Structures are given as C-alpha cells and as structure tokens.
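Reading through the structure tokens given below for one structure.
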Amino acid sequence: MQVLIIADDLTGALDTAAPFSLIGLKTVVAPSRTDLPIAISAKPHVLAVSTGSRDLPLPDALAAVHATIDNLSAFHADIVIKKIDSRLQGHPAAESALVAKCFGRSTLFIAPAIPELGRVVQGGFISGHAIATPLDVRSVFSGTGLSLEIADALTSHDMLDIAHRLLKSTSNQLVVATSGLARALSTVLASGSEPQPIRALNPPTLFVIGSRDPVTIAQVDRLLEVASKLHSIDVVDGHWRAEIQLNDCHDVLMRMVDGGSGRSAAEAGKEFAAGVAKLICSRFRGTLITCGGNTTADLLEELNIGPLLLQGEWQPGLAISAPLLGNYAFTLISKSGGFGDPDCLVRLYRATVLKAPSCYFEG
C-alpha cells in the first residue's frame, strides 16, 4: 500500500508522515515540490510533500497546490490524505476541494481530531488545546460543493474506529485530516507488529525557534526557566549581530523575537533561517530542533538538504527525521508552532542532555 500526504506546511507533512515510519514503512518527505523527483525515486511507501501554501494569498496557495500535484504523476497512491491544520488555519476548504478535483474525489472525509494532543471533534466542532472558541468544521467546508462526512472523535480509540471504517470505504473519498488520523491508520496497518526503534537523540542540542505562536513562546519561556546551561540567543526581527557564532560544546537556543519594527514575519523568518544556516556545517552531528513550519522549511532550503527520511516521532507532534541524501549528519526534530504542552521542550531537551557530553563539530 502507498500513501500520499499533501500538507500546506512542512511540519504538518512531517508529523503526519512520522507514524507510518514507526511501523517499518519507508517514509519520505519532500519539503517542496522541487524535491519530489528525488523523493519519488527513493521508492517510498509513504510520500508526504509540503505545498508551503498556508500563509499565501488564496490564488497563490491554490497555484502552489496545483503545481505540486502536477509533479506527483509518478507516485501512485492507494490513499490520498490532504493534511490540514487542526485549528483550520490557512485555506483548508479551498485546497481540499482542489485536491479532490484533481484526484477525482466527490466526498471529503474530514477527521481533524488529535485526541493525544488534546484536540477533539464533537458534533462537528473542534475544541481543546489552544482553541479558545470551538470551530465549526461544516461551516468552513460548506462552500466546496462536495459531499462532506465529518468524523467526531473524543479519544484515540475513536480514531482507530474511524481508521478501520476508512480503510473499508470506497475510493471516491478524499481524506482530509491531521496527524491524529495518520497515527490511527498506521496502528491499524501495523496489525500488531512491533514498532521500529527510535533513533537516539545525540547532544549537543540546537534549538531554532522561529514560530511566534503563543504555545511555542510559553514552551520556550518554560525551557529557559529550568535549563540553566542552555545558551540563549535572541535574533530581533531576523537581524543578526556579527559576533554571533557557535563554538565549544554548548547547547544553544536561537529564537527570532519581534522587535516592533513592523517587519513581516516571512521576511524576518527567511533572514533568520539564512543566519542559522551559515552557522551550521556538514560536521554538525547533534540534534537540531525546529519550531514552526516556515522556519523548518526556510532552514532546510538554505542548507540545500532536499528530501527527509522519517525515523519515527519522539512523541505525537514531534517528528524525527534525517536528510535522505546523507549530506548532513544531524538528527532533525520538528514541531509545529501550536503543538505541545508547556513542558514539551523541557522533556525533549532532557532527553538529549542525558547523553554523554559531545561537541558541535567533529574533526
């Protein structure tokens, strides 16, 4: 069986694909459509691709989705998943309708719940972690002109029931979902087989925080409260100071902060990522932790890394991957800006500092 995942940002592609790698399926993520030829040539069972369209104006977003699908003809999927944001950010309805049209689907099977992350669907409304007011799924998708089937789910067991039902359904449905359903599908497909071992997280740790989501801001604040040996560097509005550099064996957190200049997040983010890329070389063998889909995509583009090979997930919402081409030796853990409880980054950091001391660079 082959699975195709089309996501509107990179962290979404990664965290939705990650559960399939845990059951032994070769899982590859293309950070952009230009990476698809190499990704497809790796002959994955599961292929995920980011259209990078979440923050684009609607016409540009749809053009990006269409161009991505045009580059997928060589990959023949049994299941097509349009990954959407669990808080319905971006253009979930319009993009899903376009994907459905391109793949000849007449029904949207919408399952946005992620119970393990505290986001559930009841009566067609999404509620839970970091959602102040329940979101009406049907009203968002009502203008697509397609039949809608919205799956309620309060627990992980509910998600497994949905996955079983989905695998028995007809091929006229486009699956519109998040990592919650992907995790349930992988569990059903595993059929009781043992999960694959997760790659060890090696020190040192380099945090690259570009997300300005309140969830991530709270996580970083909490991390800096308890991690006294973590060296923190603030990059204001993406502007780098000339003296910033990586050295010794320090664990480092680099975060982009808003200096009130009015500079756009996209412009500041690209300069932030370019600066981080200049400080990383091919000898870095630690753990690179990124927060924010745009941050992750911009950094990988600056490093010219190409497709990523998934190696599981450290916990739901935290995908583990490595460069497919072997051009870098670090382990990447990526997190969406809006995912995780306040101590998420604290636990992740502790998992790396428990290892033996190491240096950023070999040789």
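The values are calculated or read from the model by the stated rules, or taken from the named source; none is laboratory data. Please read these numbers as outputs of a predicted model, since none were measured by experiment. Cβ atoms come from the backbone with ideal geometry, glycine included; neighbour counts cover every protein chain shown.
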Kindly indicate which of G90, G128 is free of Cβ contacts under 8 Å to residues at least 60 places away in the same chain and in contact with a helix residue (DSSP H, G or I) (Cβ under 9 Å, 6 or more places away or on another chain). G128
Of the residues that make up the stretch 293-308, is at least one assigned to a loop (DSSP other than H, G, I, E, B), among the acidic types (D, E) and free of Cβ contacts under 8 Å to residues at least 40 places away in the same chain? no
From the list L62, L25, which one is closer than 20 Å to L167 by Cβ and either buried (at least 21 other Cβ atoms within 10 Å of the Cβ) or in the same structural domain as H129 (by TED's automatic domain parsing) (or both)? L25
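Taking the residues in the stretch 111-124 that are in a strand (DSSP E or B) and touching a helix residue (DSSP H, G or I) at 6+ places or on another chain (Cβ under 6 Å) as candidates, determine which candidate is nearest to K82 (Cα to Cα).
Residue satisfying both the conditions and the ranking: A111.
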G286 meets each of (1) at pLDDT 90 or above; (2) crowded, with 20+ Cβ neighbours inside 10 Å with one exception, condition (1)
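Looking at L246, L185, L223, which is the one that is touching a helix residue (DSSP H, G or I) at 6+ places or on another chain (Cβ under 6 Å), surrounded by 17 or more Cβ atoms within 10 Å (Cβ to Cβ), at pLDDT below 85 and not acidic (D, E)? Quick ask: steps written out before the conclusion?
Details: L185 fails: at pLDDT below 85; L223 fails: at pLDDT below 85.
Being touching a helix residue (DSSP H, G or I) at 6+ places or on another chain (Cβ under 6 Å), surrounded by 17 or more Cβ atoms within 10 Å (Cβ to Cβ), at pLDDT below 85 and not acidic (D, E) holds for just one of L246, L185, L223, which is L246.
Quick check on S96: is it part of a helix (DSSP H, G or I) and touching a Pro at 6+ places or on another chain (Cβ under 6 Å)?
Spelling it out, it is not the case that S96 is part of a helix (DSSP H, G or I) and touching a Pro at 6+ places or on another chain (Cβ under 6 Å).
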Residue that is farthest from the chain's Cα centre (by Cα) [pool: residues in the stretch 38-68 that are assigned to a loop (DSSP other than H, G, I, E, B) and closer than 26 Å to S264 by Cα]: P57
